[in-house]
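These notes are about the structure you will find just below.
The values are calculated or read from the model by the stated rules, or taken from the named source; none is laboratory data. Quantities reported herein were computed from a predicted structural model and do not represent experimental measurements. Here the Cβ positions follow ideal geometry from the backbone for every residue, glycine too, while neighbour counts run over all protein chains shown.
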């Protein structure tokens, strides 16, 4: 998944726009974008939308961001949306791998109740939204086969820290949030799941958004969350490997396959070793996502 676009689940109009945006994944949001009195309406609207959208011939993936496990709303969220078989659940304010295991158990029960194959519902977790969560980032590896991606959040984290802002005057992140960003990347690599970059709130600043996408891809992120349909095309462009990059990766893979005992090879004038092979394999694997 390159692009993951949020849409508040209590707005059918915004859900429809997100569905038609070209995003790889629509995230039906039951959490932060839905006011407390609207939670029941959002569940019902999400359920109705999933019932219709799932049958579309060509469609994005459909994930639901439920409310955090400690809110008392998560189980009601799951009771509603799992009847319509979402592709996955986004877990906010995840504190550790134990939260993924807890959610996995909740999903397994509801999959059985709704005749869904065990393990079919995947999980993407937001893993940095509280200060305490930063100390659980090493616990996600092996937590659940359902976990397919991790992402990070700067807005909730800044609120938890009591910060005045999470960005510097030049629009870059302040040091505490750069730590969270880097640690999420390490968490994803250690857990062998997708690293997904966080949202860029100023949706009108498309140049700033593009720059942040490019920086994320440079460092190893393979996708980014979006909050507005106008951001989707930029995410898809930046996180889609170019034809030249794909050709180079294929040449590297072929060269090492033809010389399985080689540690270092010359490929098109470059001297490459096993880490280059691993990067090439990972790039090609993304094409099948």
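Here is a list: 265, 272. Which entry is buried (at least 20 other Cβ atoms within 10 Å of the Cβ), part of a strand (DSSP E or B) and more than 15 Å from the chain's Cα centre (by Cα)?
Result of the check over 265, 272: 272.
If you take the residues in segment 2-24 that are within 13 Å of residue 233 (Cα to Cα) and crowded, with 24+ Cβ neighbours inside 10 Å, which one is farthest from the chain's Cα centre (by Cα)? Before you say what the answer is, go through the steps one by one.
First, the residues of segment 2-24 that are within 13 Å of residue 233 (Cα to Cα): 2-5, 18, 20-24.
Next, only the ones that are crowded, with 24+ Cβ neighbours inside 10 Å stay: 3-5, 18, 23.
Values: 3: 8, 4: 6, 5: 10, 18: 16, 23: 12 Å.
Looking at residues that are within 13 Å of residue 233 (Cα to Cα) and crowded, with 24+ Cβ neighbours inside 10 Å, I get 18.
Residues being surrounded by 17 or more Cβ atoms within 10 Å (Cβ to Cβ) and over 13 Å from residue 191 (Cβ atoms): count how many of those fall in segment 136-159.
Going through segment 136-159 one residue at a time, the tally reaches 6.
Out of curiosity, is residue 202 in a loop (DSSP other than H, G, I, E, B) and either modelled with pLDDT of 80 or more or exposed (fewer than 15 other Cβ atoms within 10 Å of the Cβ) (or both)?
Here the answer is yes, as residue 202 does meet what is asked.
Only one of 72, 22 is free of Cβ contacts under 8 Å to residues at least 40 places away in the same chain and at positive phi. Can you tell me which?
Numbers: 22 fails: free of Cβ contacts under 8 Å to residues at least 40 places away in the same chain.
Of the residues listed, the single one that is free of Cβ contacts under 8 Å to residues at least 40 places away in the same chain and at positive phi is 72.
Any idea how many residues of segment 137-193 are in a loop (DSSP other than H, G, I, E, B), closer than 22 Å to residue 3 by Cβ and either under 15 Å from the mean Cα position of the chain (by Cα) or not assigned by TED's automatic domain parsing to the domain that holds residue 90 (or both)?
So the count comes out to 6.
Among the helices (runs of 4 or more DSSP H) lying completely within segment 3-85, list those that include at least 2 residues that are in the same structural domain as residue 129 (by TED's automatic domain parsing) and farther than 16 Å from residue 228 by Cα.
The qualifying helices (runs of 4 or more DSSP H) are 39-53, 74-81.
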